[in-house]
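This report refers to the structure that appears directly beneath it.
The values are calculated or read from the model by the stated rules, or taken from the named source; none is laboratory data. This structure is a prediction, so every number in the text was calculated from the model and none was measured. Here the Cβ is made from the backbone with ideal geometry for all residues, glycine too, and neighbour counts use every protein chain on show. Just so you know, the surface numbers come from the protein's heavy atoms only, side chains and all, with ligands and any DNA or RNA stripped out. Shrake-Rupley method; radii C 1.70, N 1.55, O 1.52, S 1.80 Å.
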Number of protein chains: 2
Amino acid sequence: MSALHRPGRTPAVPASPSPGASQEEIRRQNLGAVLRHVHVHGPTSRAELTTRLGLNRSTIGALAADLAAAGLVTEGAPVTTRRGRPSLVVSPRSNRVYAQALSIEPDRLRVARIGLGGRVLDLRDTPRPAGTSAVDAVVPLAALAHEMDRDVAADSIRVGVAVAVTDTTRDRDGRIRIGGPDETLRADIEAAFGDGRPGPTVLAGDLADIAALAEHVRGVAAGVDDLIYLHGSHGVSAGIIIEGRLVVGHGGRSGKVGHMVVNPGGLPCECGSRGCWQTEIGEAALLRHAGRNATPGAVQEVLRAAADGEPEAAAAVARVADWLGFGVANLVNVVNPDTVVFGGSLREIYLSGADVVRQRLDELALPASREHVQLLPAALGPDAALIGAAELAFAHLLADPLHIGSAA
Amino acid sequence: MSALHRPGRTPAVPASPSPGASQEEIRRQNLGAVLRHVHVHGPTSRAELTTRLGLNRSTIGALAADLAAAGLVTEGAPVTTRRGRPSLVVSPRSNRVYAQALSIEPDRLRVARIGLGGRVLDLRDTPRPAGTSAVDAVVPLAALAHEMDRDVAADSIRVGVAVAVTDTTRDRDGRIRIGGPDETLRADIEAAFGDGRPGPTVLAGDLADIAALAEHVRGVAAGVDDLIYLHGSHGVSAGIIIEGRLVVGHGGRSGKVGHMVVNPGGLPCECGSRGCWQTEIGEAALLRHAGRNATPGAVQEVLRAAADGEPEAAAAVARVADWLGFGVANLVNVVNPDTVVFGGSLREIYLSGADVVRQRLDELALPASREHVQLLPAALGPDAALIGAAELAFAHLLADPLHIGSAA
């Protein structure tokens, strides 16, 4: 009897075949596999790498030696394997090999140096003045990074710079253009942070996409292949990961779930439409229902008051949680994820109103799609954007370790 | 100045690294690349394969010879290259190597024999009696296939069997369970069509997913990497392809877009919820607005009457087209596709009401996501399900050509 497979796990037939693989490519892939393993899972013995990667001992030995020679890993402190043989432990050189991660958030700007293996080596921030654009953030970010660079050892390898951005800029037609950073921003960051070497030194992405990546690699959704990460702040957006890959869409603008219309004829949205999901679950909606003004810290106050049982605040959270469940049901029906992660202000809404979210989800999602979905609060907190941005930069190192290692 | 990449085209860092590549794997990949090229693009000279696949002449020659020896391609009728050298043309053996494709549709059952290269070699159908389940379809499908098999040459290679299914079955909780085929159906098809050899002989998938694959490989969306294919009939579902890969979701149930709630407090849906998209754009909605009963052919009559300018029919089409644009806007905001393809009854709704669809889409989708979206009618018609099912079966041949070829 032949095995039956999940319908679409079958590889789709691409219209244009990829070019054939070469010897050099195999070596690159295998170097990447070893480096990725210690980057994600931490120090690992050669013996265990042999088992995990399905390569033989001498191959693993040669790959580890090459990575060590390039200054990307260290080998030392042998452990004794089950067969009684000593096996060298391969560790990422977190202090030497790092990514520079930036984030442009609604109220602050942050720069971090994150070592291979995901260790936060340094982290600095500065308030973002109200009314400034993302492009205005480049000069203060560069100043922070410049200070930070004084503490970096001379033989360090910076593998790349990546920036996570939440931003809204006016489009020519007067409507809000929401999404990833625009070309001006990219060019300015490139000029301030690029090192003039060829290759993708500076990478940029939407904050929700990048936080999704962080939760997927090192957070609450580690090991989960199909997930939706929802980020709430002023607006709402999502990072969608399918079969372990971030979905970015044709123009890098997927996941603008805050602009799904859930309530036709509802309140006007800043995008020009009405009844968008974020008019019901964004921070402004919570404050509106709770009868509060949008002052700094007001959202946290409402959430605290709701937890303390204050009726008006509790009712406001429940109302937002209900609409949260409504939109999650739509996304579950469309995407059929394994896990939905709630981040930003939606993390607290979810934690306070989980029963309401679940009830609405159970009512509206198809049972077959609903029954396997885990709902989880984000684990990495506000650092997710920086950790995820670093992963974006590390991905290039992991794809071709010696190219980046030796170019430094 | 370094290149800037689309944020998520960067490979995400998988939590578990894939095992290392071997010599044998390279050969398999390269054989697959050659076979895939002639499968998708038709007969191709060795010289052109050399250019397209980035492999050298002697490698291409050896790969083509191996594929010819396995009976998967022929080599012959040399063409003269630009450099004046003769170059053998590699062609798929469409008459000898085939996939058996089945489809279980609301009103009929079909079986086709589809040759490598996508040629329909034989196609037979029978009505599906009203009220029969998908499982009931297995016996008549097997009878059709049995008849068909009499005309198959003895040295033919069947690379696999795949079935596309639209089906709804009652769940234990009394609600409709909508999605891919259930395990009983798979087991029955396996018993009737499996050949007892190890490997994924029988593959099954949702009809919309499979039609999406067909339009992506050989239809109106050939060469498009990010697309949503919408299939309308009694209900509405979608096949979503992202970066050239079919999105199936955690349980193989993604794309149940007909159950996005677009009109809270709207009409009850068979899923137990209210205001689902298919209550506004399914065939029943069109007939309701047009004041017709659900008799066979009624949908086509309304569409024809609308095209002829009959006011009630035209108003019904416009109303459905308006809700069609509404839901497409939500999907465009969530997924950011390059192309949306309208299939099944939605093809005609779109063709009759394209202006209305576009107007609503322009109003509700974010400009940055909207501006690049192409809206296209499906090209392959009702055969899309069979062509796509065959692609599902061919995908396994293309992943490992000699394994399947030599096992026959």
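For the range B:290-299, the condition of being farther than 17 Å from residue A:334 by Cβ and open to solvent by less than 10 Å² (accessible area, probe 1.4 Å) holds for at least one residue.
Identification of strands (runs of 3 or more DSSP E) wholly contained in the range B:187-261 with 1 or more residues that are buried (at least 24 other Cβ atoms within 10 Å of the Cβ) and more than 7 Å from chain A (Cβ to nearest Cβ) yields B:227-232, B:236-242.
Restricting A:107, A:155, A:136 to those that are surrounded by fewer than 23 Cβ atoms within 10 Å (Cβ to Cβ) and closer than 30 Å to residue A:73 by Cα reduces the list to A:155.
(1) hydroxyl-bearing (Ser, Thr, Tyr); (2) open to solvent by 10 Å² or more (accessible area, probe 1.4 Å); (3) within 14 Å of chain A (Cβ to nearest Cβ): which one isn't true of residue B:339, the others all being true? Result: residue B:339 fails condition (2) only. If the requirement is being at pLDDT 90 or above, among the charged types (D, E, K, R) and not assigned by TED's automatic domain parsing to the domain that holds residue A:107, which of these qualifies: A:370, A:358? A:358 is the lone residue from the list that is at pLDDT 90 or above, among the charged types (D, E, K, R) and not assigned by TED's automatic domain parsing to the domain that holds residue A:107. Here residue A:351 fulfils each of the conditions (1) away from every other protein chain (no Cβ under 14 Å); (2) without any contact (Cβ under 8 Å) to a residue 12 or more places away in the chain apart from (2). Highlighted here are the helices (runs of 4 or more DSSP H) found entirely within the range A:273-323 that include at least 2 residues which are modelled with pLDDT under 95: A:283-290, A:298-307. Taking the criterion of being within 26 Å of residue A:243 (Cα to Cα), part of a helix (DSSP H, G or I) and over 23 Å from the mean Cα position of the chain (by Cα), the residues of the range A:334-366 that qualify are A:357, A:358, A:361, A:362, A:364.
Note on the range B:376-408: among residues that are open to solvent by 20 Å² or more (accessible area, probe 1.4 Å) and outside any helix (DSSP H, G or I), the one that is farthest from residue A:258 (Cα to Cα) is B:408. Scanning the range B:35-93 for residues that are within 14 Å of chain A (Cβ to nearest Cβ), more than 21 Å from residue B:400 (Cβ to Cβ), without any contact (Cβ under 8 Å) to a residue 40 or more places away in the chain and charged (D, E, K, R) turns up B:48, B:57. Does residue B:71 satisfy the condition of being more than 18 Å from residue B:158 (Cα to Cα) and surrounded by fewer than 18 Cβ atoms within 10 Å (Cβ to Cβ)? No: the conditions fail for residue B:71.
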